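Chemist: Take this structure, written in structure tokens, and hold onto it; I'll ask about it next.
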Amino acid sequence: MRDPNVNFNFLHKTCTLVVLLCCLHICVTVVYYVRSQQQNHQNPRKLDGHAGTSEAITEVPKSSSTLLTFNITVTEKDVQLEKCPDPSPLLVGPLRIEFSNPVSLEQTTNENPALQMGGRFKPKDCIALQKVAIIIPFRKRDEHLKFWLYYLHPILQRQQLDYGVYVINQDGEETFNRAKLLNVGYAEALKEYDYECFVFSDVDLIPMDDRNTYKCFNQPRHLSVSMDKFGFRLPYNQYFGGVSSMSKDQYLKINGFPNNYWGWGGEDDDIYNRLSSKGMVISRPNGVIGKCRMIRHERDQKNDPNPQRFDRIAHTRETMHTDGINSLSYNVVKVEKNKLFTKITVDVGKQ
Ligand code: BGC
């Protein structure tokens with residue numbers, strides 16, 4: 001007959017061992033759980049296609065055999081964004097542009113909810129390749145501006161640019177001075193943000209293809225190369241009017257633009273002369289991608305052809321070092337911001 005005490009002792013030892021093993025298992029599970037949580041804090045997970053958003057991910061600790069799930073919230077500041085791809089995958093190519101039905105600022109504002117005050121935008125999911133200020137010389141062309149904003153905002157957002165739209169409005173009734181307004185736009189935009197590229201655009205020109213990216217290149221870029229007004233071709237090889245872009249470096253190399261072209265014509269030829277005198281060449285998209293439409297209009301008042309333009313163009317190389325961004329003077333009269341653009345009204349003086 002076996003001693004019952006011996007049986008009880010055996011049972012007691014076995015139970016203690018099982019309890020100890022259970023405790024050990026729980027301890028190991030807790031240690032792995034804590035370690036895997038620490039690792040997730042140190043190396044936040046990259047969210048392909050959802051970077052910058054807040055997203056819940058269900059994770060299973062790899063090294064634990066326990067079926068344990070938990071949620072981690074990855075916030076925008078945890079996620080390291082990558083540079084946006086070039087060209088942007090959002091581009092659609094040729095666009096239908098027409099001006100028969102009027103568009104309103106309200107409609108354009110509602111259709112572009114991602115815009116920030118002042119006509120600013122940057123992509124959420126990637127770092128834009130360039131910070132671009134878009135400068136529009138302006139006076140009494142509100143209907144044209146509405147079309148420009150309606151068509152350009154969606155295009156610029158698809159191009160994934162970090163951009164701002166600056167409408168530089170010449171105050172008063174003196175003769176118009178396009179190039180001086182462009183200089184003002186350059187100076188004023190830089191006071192606001194660290195722009196590296198400047199697109200100078202007439203208010204009545206709309207690109208017909210979103211692959212014509214409104215950014216800067218190794219050489220100064222002429223973007224409106226194929227205008228309906230000129231039968232979709234360049235009027236002459238040196239033509240640099242309409243829409244162009246320059247990096248800060250390129251712009252500063254030529255001392256910016258001339259301030260003394262009052263009235264229509266010649267200032268874009270002067271800019272071309274400045275660029276070529278500094279050994280730069282014009283970069284252009286091809287004639288298909290570079291197609292654009294101009295909104296037809298009567299000649300503006302106080303913007304008659306400038307009779308001095310031929311003489312001035314002939315002397316660009318002598319005048320460009322003393323007339324430009326280094327001699328620019330103006331007075332800001334008013335700054336207004338809405339979701340679609342920043343409007344800076346300036347007194348640029350008179351002839
Ligand atoms: C003027 C330019 C203008 C071009 C096309 C030239 O004669 O000097 O300013 O852009 O014609 O109209």
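The values are calculated or read from the model by the stated rules, or taken from the named source; none is laboratory data. The structure displayed is predicted, hence computed values, not measured ones. Virtual Cβ from ideal backbone geometry, glycine too; neighbours counted across all protein chains shown. Protein only, heavy atoms only, side chains kept; ligands, DNA and RNA dropped before computing areas. Shrake-Rupley method; radii C 1.70, N 1.55, O 1.52, S 1.80 Å.
Chemist: In the set Ile271, Ile206, which member is closer than 25 Å to Arg141 by Cα, within 15 Å of the ligand (Cβ to nearest atom), open to solvent by less than 10 Å² (accessible area, probe 1.4 Å) and not basic (Lys, Arg)? Give the derivation first.
Modeler: Numbers: Ile206 fails: within 15 Å of the ligand (Cβ to nearest atom).
None of the others qualify; the one that does is Ile271.
Chemist: One residue is enough: does the range 227-242 have a residue meeting the conditions aromatic (Phe, Trp, Tyr), within 30 Å of Ile97 (Cβ to Cβ) and within 24 Å of the chain's Cα centre (by Cα)? Before the answer, list the steps.
Modeler: First, the residues of the range 227-242 that are aromatic (Phe, Trp, Tyr): 230, 232, 236, 239-240.
Subset that is within 30 Å of Ile97 (Cβ to Cβ): 230, 232, 236, 239-240.
Right, trim to within 24 Å of the chain's Cα centre (by Cα) and you get 240.
Yes, that holds for at least one residue.
Chemist: Further question on the same structure: Does Leu234 count as of a type outside the set (Gly, Ala, Ser) and away from the ligand (no atom under 15 Å from the Cβ)? If you could, list the steps in order and put the result at the bottom.
Modeler: Working: of a type outside the set (Gly, Ala, Ser): yes; away from the ligand (no atom under 15 Å from the Cβ): no.
The answer is no for Leu234.
Chemist: Checking Arg178 against (1) under 18 Å from Asn255 (Cα atoms); (2) open to solvent by less than 30 Å² (accessible area, probe 1.4 Å), which test does it fail?
Modeler: Only one criterion in (1) under 18 Å from Asn255 (Cα atoms); (2) open to solvent by less than 30 Å² (accessible area, probe 1.4 Å) is unmet by Arg178, namely (2).
Chemist: Still on this structure, please answer the following. Taking Thr322 as meeting all but one of (1) surrounded by 11 or more Cβ atoms within 10 Å (Cβ to Cβ); (2) at pLDDT 95 or above, write down the number of the exception.
Modeler: (1)
Chemist: OK, next. Go through the range 238-268 and count every residue that is open to solvent by 30 Å² or more (accessible area, probe 1.4 Å) and either under 24 Å from Ser327 (Cα atoms) or more than 12 Å from the ligand (Cβ to nearest atom) (or both).
Modeler: Here is the first cut: in the range 238-268, the residues open to solvent by 30 Å² or more (accessible area, probe 1.4 Å) are 238, 248-249, 252-253, 260, 264.
Filter again for either under 24 Å from Ser327 (Cα atoms) or more than 12 Å from the ligand (Cβ to nearest atom) (or both), leaving 248-249, 252-253, 260, 264.
Matching residues across the range 238-268 total 6.
Chemist: Counting only residues that are of a type in the set (A, V, I, L, M) and within 16 Å of the ligand (Cβ to nearest atom), which one in the range 274-287 is nearest to Cys216 (Cα to Cα)? It would help to see each step written out before you state the result.
Modeler: Step one: of the range 274-287, the residues of a type in the set (A, V, I, L, M) are 275, 280-282.
Those still in the list that are within 16 Å of the ligand (Cβ to nearest atom) too: 275, 282.
Numbers: Leu275: 15, Ile282: 12 Å.
Once the filter is applied, the top-ranked residue is Ile282.
Chemist: What is the one condition in (1) over 24 Å from Val165 (Cβ atoms); (2) within 16 Å of the ligand (Cβ to nearest atom); (3) buried (at least 18 other Cβ atoms within 10 Å of the Cβ) that Gly290 does not satisfy?
Modeler: It fails just one condition, (1).
Chemist: Pairs needed: first member in the range 258-276, of a type in the set (Val, Ile, Thr); second member anywhere, within 11 Å of the ligand (Cβ to nearest atom) and part of a loop (DSSP other than H, G, I, E, B); C-beta distance under 8 Å; at least 6 residues apart or different chains.
Modeler: From residues that are of a type in the set (Val, Ile, Thr), the pairs are Ile271/Phe240.
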